[in-house]
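Read the structure below first, then the notes.
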Amino acid sequence: MRIILFFCFTLSYPLGYAKDKNICLLDDLLKNTTEYKNYLLSDEENTIELEKNELSLLPDIFINSSQNSNNDRSFRSVENSGLSIGFSQGIYSGGAYKKNKNRINLNNNLNNLLLSETKNKMLLDVFSDALELEHRIDKKALYKKQLERQTYDIRRIEAGINSGSVAKIDLDIANIRIRRLNDQINALGFEIDNLSEKLYFKYRIPKTEIRRVNYSSVRDCKTGNYKDKLKNKFNLRSDIARASNEILEATSLPSVNFAISFTPPETGNINKITTKRADFGASINVSIPVSQYFLRNTYQKQFAIDVARLKLEYDNSLEENENETRSIERRIKSLENSIETTKKSIVVERNKINYIFSRIKEGQDNIISYYQQLDTYEALQINLKEEEKELEFQKVLLYFIS
C-alpha cells in the first residue's frame with residue numbers, strides 16, 4: 001500500500017518541535033537522514049557566504065614597481081626602478097555589501113523553510129512505509145493462525161482416512177494448502193526484512209524503533225498551517241528575487257574608492273628607500289559603469305518575469321492543494337463505507353464456513369468447497385487490514401495538507 005501524491009509542504013519551525021506545544025518524538029531519528037545532513041551543509045554554505053561578504057570590506061593592498069624607457073635611455077638595474085606601496089579602500093559601491101547580506105539571510109530563511117518542507121515529506125513517506133511494514137507483519141500473523149488451523153485439519157483428516165470416512169484426496173488438498181501457507185509466510189518474512197532495511201537505509205530508523213512511527217507521533221510532528229506556510233515561501237522567494245535584482249542594479253551605480261600610497265623620497269626609486277622619510281600620495285577614484293546603467297531597465301523586466309513566474313507557481317500550488325484535499329476527503333469517505341461493508345461480509349463468510357463444515361460432517365459437501373470458502377474469508381480479512389491502513393494514512397495526509 002504505497003500512496004504516491006504530489007504536493008508541497010512549507011513549514012518554518014525548527015526540527016526539534018511540532019505544533020506549538022507537542023514534542024516531535026521522531027526528530028532524533030530524522031536528524032540522522034541524508035536530507036537533514038544536506039540541510040546542515042547548506043546552512044554551513046550560507047555561513048561561508050556571510051563570511052565572504054564580511055571580508056569584502058577589507059582594503060586592497062598594492063605594490064607597484066616600474067621603469068620607463070625611451071630612445072635615449074634603456075632599462076636599468078632593479079634598484080633604479082620606481083616603487084609604490086599602498087592600499088585602496090572602497091567607500092561606496094551601490095550598497096552591494098548590505099544588499100548581499102540581505103540576500104544571504106533570505107536564502108538562509110528559505111533553507112530553513114525547505115528543511116521543514118522536506119521533513120514533512122519524510123514524515124509522510126516514513127509513515128507510509130511503516131504502515132506497509134505493519135501490514136506485512138499483520139498478514140504474516142494471519143497466515144500463521146491459518147497454518148495452525150490447517151495443521152489441526154490435517155490431524156482430523158488423517159483420523160477420517162483411518163476410519164474410512166474421508167478420501168485420501170482430501171489429505172492431499174490439505175497438505176498442498178499447508179505448503180502454500182508456509183511459502184506465503186516465508187515470502188512475507190523476506191518482505192518484512194526488506195522493508196525494515198529500507199526504513200533504516202532511507203530514514204536511519206532501526207528495527208527496534210519502527211513502532212515509534214505511528215498515527216499520533218507523525219501528527220505531533222506537523223507544524224503550522226499549510227496555506228500560511230506556502231504564502232511565506234512565495235514571499236521569501238519573491239524577496240530573494242528582489243534582493244538579487246537590487247544587487248544587479250548596484251553594479252550600474254557609480255563606485256567610489258579611496259587610495260593612499262607611499263613612495264621612496266626624491267626620485268621614488270627603490271635605491272632611495274629609507275625608514276626616516278617617504279613621499280605620500282592620496283586619491284579618490286570615481287568609476288561610472290555606463291554600459292551597466294543602460295541595463296537597469298532590462299534587469300527590471302527580468303525581475304518582473306521572475307515574480308510573475310513565482311506567482312503562477314504559488315497560485316497553482318493553492319489550486320492543487322484544494323483539489324487534493326477534496327480528493328482525499330472523497331477517498332476517506334469511500335474507505336469508511338468499504339470497511340463497514342467488508343466487516344459485514346466477513347461475518348457472512350464466517351457463517352458460510354461453519355455451514356459448509358457442518359455439511360461436510362453430514363457427507364453433503366466436500367473439502368474443496370470448504371477451502372474455497374476459507375480462501376474467500378481470509379482474503380476479506382487481508383483486504384480489511386489494507387483498507388484500515390490506507391484510511392489511517394489518508395487521514396494523516398489530510399491533516400498535513402489542510
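The values are calculated or read from the model by the stated rules, or taken from the named source; none is laboratory data. Everything numeric here is computed off the predicted structure, so don't read it as measured data. Note that we place each Cβ from the backbone using ideal geometry, even for glycine, and neighbour counts take in every protein chain shown.
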### Query
Could you list, in sequence order, the residues of segment 355-377 that are part of a helix (DSSP H, G or I), closer than 15 Å to residue 156 by Cβ and of a type in the set (S, T, N, Q)?
358
### Query
Which one of these is modelled with pLDDT under 95 and either more than 30 Å from residue 386 (Cα to Cα) or of a type outside the set (S, T, N, Q) (or both): 316, 269?
269
### Query
On the given criteria, is residue 286 assigned to a strand (DSSP E or B) and either among the hydrophobic types (A, V, I, L, M, F, W, C) or surrounded by 12 or more Cβ atoms within 10 Å (Cβ to Cβ) (or both)?
yes
### Query
In segment 328-383, what count of residues is obtained for those that are closer than 30 Å to residue 164 by Cβ, in contact (Cβ under 8 Å) with a residue 40 or more places away in the chain and in contact with a Leu (Cβ under 8 Å, 6 or more places away or on another chain)?
0
### Task
Would you check if there is a residue in segment 91-110 being closer than 30 Å to residue 177 by Cβ and either in contact (Cβ under 8 Å) with a residue 24 or more places away in the chain or among the basic types (Lys, Arg) (or both)?
no
### Query
Counting only residues that are small (Gly, Ala, Ser) and either touching a Gly at 6+ places or on another chain (Cβ under 7 Å) or at pLDDT 85 or above (or both), which one in segment 165-215 is nearest to residue 141 (Cα to Cα)?
189
### Query
If residue 371 satisfies every condition in (1) surrounded by fewer than 16 Cβ atoms within 10 Å (Cβ to Cβ); (2) more than 28 Å from the chain's Cα centre (by Cα); (3) modelled with pLDDT under 90 but one, which is the exception?
(1)
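Here are 197, 191: which of them is within 24 Å of the chain's Cα centre (by Cα) and assigned to a helix (DSSP H, G or I)?
197
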## Note on the structure
Selection from segment 208-249 of residues in a helix (DSSP H, G or I) and of a type in the set (Val, Ile, Thr) yields 208, 210, 218, 240, 247
